[in-house]
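The values are calculated or read from the model by the stated rules, or taken from the named source; none is laboratory data. This is a predicted model, so every value here is computed, not measured. As a convention, Cβ positions derive from the backbone with ideal geometry for all residues, glycine included, and neighbour counts pool all protein chains shown.
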Amino acid sequence: MTLDHETRYIVLAPDCTMTPDQLVRTIHTIDADVIVKETCFGAVISGKTEAVRKVLTEVRKMDPTRIYSKVRGFPVGDQRRCRAHHGSRPGFAQLEKEWKDLTMVEKGLQCLERGEKVPPIKKKGKMPVKDLKTVCEEACP
Amino acid sequence: MIKIAQLSCGTEYSAVQSEIEAAATAVGAKMVYPDVDMEKINSAVDRFGFNPVSPQLKLMIARAMALADKSYEADAVFISSCFRCAEAALVRTELRKFIQNNTRMPVVTYSFTERTKSGQLLTRMEALVTIVERKELLARERQVGLTAGLDSGSSTTKAVIMRDNVIIGKSWTPTADIFSSAETVLQEALAQAGVTMGQLEAIGTTGYGRFTLGKKFKAKLVQEELTTNSKGAVWLADRQKGEATIIDIGGMDNKAITVRDGIPDNFTMGGICAGASGRFLELTAKRLKVEITELGAMADRGDHTKVPMNSYCSIFGIQDLVTSLAAGHTVEDVAAAACHSVAEQIYEQQLQEIEVRKPIIQVGGTSLISGLVTAMEHTLGERPIVPPHSQYIGAVGGALLSSGFIEGH
Amino acid sequence: MKVLIVPPNSLILFDLVERFGHEPLSVMAVLQEKIESKEIESPPINVTVDDVKKGLKYAAIEVPSGIRGRLAIYGPLVDIAEAAIIMEDAPFMFGCVGCARTNEMMKLLIRKRKIPLLELDYPANEDEAKAMVAQIKTFLEGLVK
């Protein structure tokens, strides 16, 4: 992307021991020129890309499998995206759901850290008609 | 600040979200998005009974539930989705019914394209705001004092003078220059009423030229035509209490409005092309070489089933007409077919967006074309009521509602 | 490598792609540029009328505007993607990913590019989540320029 700055969500997984308030205070102690806003999931930070990435790297170290991030289109505090101003935009519901499911992702990352082998998941298909027919015939002889 | 809840899909990706918000801001309202808990979206869809594939439509349903459950407060509802999206069209219509059945909020639906601009949405938003803000005024059933109503429409300008709930003067003229047309009809109506401009206690303006005329005549009421016309229609038809559907086939756009006790709770406005408007009937009359006032009776003598005509476009419609005449059809049959073509399009385009409630009141200048009323009767299965002075609904509504601003009343 | 994620606004996929050393291609960054564009006097919310017209490259005029507008954002991302991860049945697709038809079209555009592609289902439980994370890691580690 061509812009030299970015806005990011820093999302704390539901079972992360750090609170959004502690996260924001930690970010303030990092020597990087970013704007920070506390949110219910963690924080939104904005600044030069380099500074934002520096904060992210530092913050992640504190709880690598429970701190997540993605970029955000709208700048911090943008009225058009402000929940208090208009009610929530569709993306909010999405973030809410993904945030809840981070506990599952976290378990996956922890498995990898421990070097565990994870068996692949087999796709569930529909029952073949032939088998269903047999079941029906058995049920209603 | 009036809060208009937006239930929509695709607005932000069709470049129309900022147009919607601009229209709302222009009428002193703001768009809001009912907050819903993510966990409640699936249960809302289950309760609603229609499970759309597109997740944004599921969210629309959950948001409507939040309004019905009063877990989110708003004053009016705007339901909108992309034009030509079948799934969204089904959800849009069903959600409109759901909102009407479960809340008392006024609702408007709209299907947009990327060409939709705030101007097209302005009258709709303004009407939503009027219904919320002027509830008491709209509940007024009697005109008091001496007042005038001016309706500056796209085809004609109308004026009405009323005194103590009686029409004492009226006049209309084709709209040319907005000012001079209004001046002409107002002077004629005043002369007929035997009163002078100075004696008027209040003036109400409506229609396309309402703002311009409102300023010039220092009107006490400047109000969009959806609510004003509804009021005029129920007053003229003496159906002020209970439910009704008002159909107003205008020169440039058509309105279909459902009312409860004279106050609109749902409306649609517009039309894809002039093929479904009064303008098409004007063109038809011209081509058949009769006055527009004679077209209705001529159509009543004809048989519309003999002439195939159903065009969304006035140009193609006239082509159908020319072809039919060339094929030897009578002018009466062609006139009847033209009226049916308009009626069918009103049915297909406008009346699918609202819940038609009986009685049906047909108003506007086109309601004087009896062939069109007959065509509406055939389409709807019931003859619409055409009240006396049905072309003056806007002006009557203006005179009636502006009397609410007379001091001492 | 530039890895396109589907859903293109997913926090989980964005994070994992970045965590495992690649550049996630998401809609958020594209939208940021549009939103902050200085040339536009009144910033549009998400797309402009011109964007919707650009969507005609991917879908014809009879296709609803919201699909064309969304494809105008996704299409160029598909064009520059060097790999992609598609997660099916994600239960949280609202806003830009709220239109099922657009999402299907986007997946077709990706498949037609013949770039390295990982297709998996959104996990239903912890075991599936573990498998998903492992699969994504293996896929991303195997991507070499």
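With respect to the numbered conditions (1) more than 10 Å from every other protein chain (Cβ to nearest Cβ); (2) free of Cβ contacts under 8 Å to residues at least 40 places away in the same chain, which one is the sole condition not fulfilled by C:I61?
Here C:I61 meets the rest and fails (1).
Looking for something of a type in the set (A, V, I, L, M) and either outside any loop (DSSP other than H, G, I, E, B) or touching an Asp or Glu at 6+ places or on another chain (Cβ under 7 Å) (or both) - is there at least one such residue anywhere in the range B:352-360?
Yes, some residue in the range B:352-360 is of a type in the set (A, V, I, L, M) and either outside any loop (DSSP other than H, G, I, E, B) or touching an Asp or Glu at 6+ places or on another chain (Cβ under 7 Å) (or both).
When the residues of the range B:20-35 are narrowed to those that are at the interface with another protein chain (Cβ under 10 Å from one of its Cβ atoms) and crowded, with 24+ Cβ neighbours inside 10 Å, which ends up nearest to the chain's Cα centre (by Cα)?
My answer is B:I20.
Taking the conditions exactly as written (in a loop (DSSP other than H, G, I, E, B) and over 30 Å from B:F78 (Cα atoms)), does B:M309 satisfy them or not?
yes
Can you tell me which of (1) modelled with pLDDT of 95 or more; (2) facing another protein chain (nearest Cβ under 7 Å); (3) crowded, with 20+ Cβ neighbours inside 10 Å is the one C:K137 doesn't meet?
(3)
Can you pull out every residue in the range C:8-26 that is within 8 Å of chain A (Cβ to nearest Cβ) and surrounded by 24 or more Cβ atoms within 10 Å (Cβ to Cβ)?
Once the filter is applied, which keeps residues that are within 8 Å of chain A (Cβ to nearest Cβ) and surrounded by 24 or more Cβ atoms within 10 Å (Cβ to Cβ), the range C:8-26 yields C:N9, C:S10, C:L11, C:I12, C:F14, C:L16, C:S26.
So which residues in the range B:251-304 are among the hydrophobic types (A, V, I, L, M, F, W, C) and outside any helix (DSSP H, G or I)?
Matches in the range B:251-304: B:M252, B:A256, B:I257, B:V259, B:I263, B:F267, B:M269, B:I272, B:C273, B:L288, B:V290.
Give the residue, chosen from B:G262, B:G364, B:G271, that is buried (at least 19 other Cβ atoms within 10 Å of the Cβ), at pLDDT below 95 and touching a Gly at 6+ places or on another chain (Cβ under 6 Å).
Answer to the check: B:G364.
If we keep just the residues of the range C:64-86 that are among the β-branched types (V, I, T) and within 10 Å of the chain's Cα centre (by Cα), which is nearest to the other protein chains (Cβ to nearest Cβ)?
Only one residue tops the list, namely C:I73.
How many of the residues in the range C:95-134 are within 14 Å of chain B (Cβ to nearest Cβ), hydrophobic (A, V, I, L, M, F, W, C) and in a helix (DSSP H, G or I)?
Count: 5.
Only one of these conditions is not met by C:N46: (1) within 7 Å of another protein chain (Cβ to nearest Cβ); (2) of a type outside the set (D, E); (3) farther than 22 Å from A:S46 by Cβ. Which number is it?
(3)
Is it the case, given these coordinates, that B:R104 is free of Cβ contacts under 8 Å to residues at least 12 places away in the same chain and in a loop (DSSP other than H, G, I, E, B)?
Considered against the rule, which asks whether it is free of Cβ contacts under 8 Å to residues at least 12 places away in the same chain and in a loop (DSSP other than H, G, I, E, B), B:R104 comes out as no.
Which one of B:K358, B:K306 is surrounded by fewer than 21 Cβ atoms within 10 Å (Cβ to Cβ), within 17 Å of the chain's Cα centre (by Cα) and touching a residue at least 12 places away in the same chain (Cβ under 8 Å)?
Checking each option against the conditions leaves just B:K358.
This table checks each residue for (1) out of contact with any Phe, Trp or Tyr (no Cβ under 7 Å at 6 or more places or on another chain); (2) outside any strand (DSSP E or B); (3) within 15 Å of B:A29 (Cβ to Cβ).
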position	(1), (2), (3)
B:T109	yes, no, no
B:T116	yes, yes, no
B:L122	yes, yes, yes
B:A127	no, yes, yes
B:V144	yes, yes, no
B:S154	no, yes, no
B:V160	no, no, no
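Is there a residue in the range B:40-62 that is β-branched (V, I, T), closer than 28 Å to B:E133 by Cα and touching a Ser or Thr at 6+ places or on another chain (Cβ under 8 Å)?
Checked the range B:40-62: no residue is β-branched (V, I, T), closer than 28 Å to B:E133 by Cα and touching a Ser or Thr at 6+ places or on another chain (Cβ under 8 Å).
Answer yes or no as to whether B:K97 is under 20 Å from the mean Cα position of the chain (by Cα), closer than 30 Å to B:A189 by Cβ and surrounded by fewer than 23 Cβ atoms within 10 Å (Cβ to Cβ).
Answer is no for this residue.
Scan the range B:65-79 and tell me whether some residue there is within 26 Å of C:D50 (Cα to Cα) and either modelled with pLDDT of 95 or more or surrounded by fewer than 20 Cβ atoms within 10 Å (Cβ to Cβ) (or both).
yes
Would you check if there is a residue in the range B:211-222 being part of a loop (DSSP other than H, G, I, E, B), over 25 Å from B:T116 (Cα atoms), of a type in the set (A, V, I, L, M) and in contact with a Lys or Arg (Cβ under 9 Å, 6 or more places away or on another chain)?
yes
Quick grid of which residues meet (1) within 11 Å of chain C (Cβ to nearest Cβ); (2) modelled with pLDDT under 95; (3) under 17 Å from C:E18 (Cα atoms):
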site: A:D78; (1), (2), (3): yes, yes, no
site: A:H85; (1), (2), (3): no, yes, no
site: A:A93; (1), (2), (3): yes, yes, no
site: A:L112; (1), (2), (3): yes, yes, yes
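Spot the failing condition for B:V45; the list is (1) within 8 Å of chain C (Cβ to nearest Cβ); (2) out of contact with any strand residue (DSSP E or B) (no Cβ under 8 Å at 6 or more places or on another chain); (3) closer than 15 Å to C:G98 by Cβ, and only one is missed.
So the condition that B:V45 fails would be (1).
Among the residues of the range A:1-60, what is the count of those that are among the small types (G, A, S) and either over 15 Å from the mean Cα position of the chain (by Cα) or farther than 30 Å from C:I73 by Cβ (or both)?
4
Residue by residue through the range B:289-302, note down the ones that are farther than 15 Å from B:S370 by Cβ and surrounded by 14 or more Cβ atoms within 10 Å (Cβ to Cβ).
The answer is none; no residue qualifies.
One residue is enough: does the range C:87-101 have a residue meeting the conditions farther than 26 Å from A:K100 by Cβ and surrounded by fewer than 24 Cβ atoms within 10 Å (Cβ to Cβ)?
So far as the range C:87-101 goes, yes, one or more of its residues are farther than 26 Å from A:K100 by Cβ and surrounded by fewer than 24 Cβ atoms within 10 Å (Cβ to Cβ).
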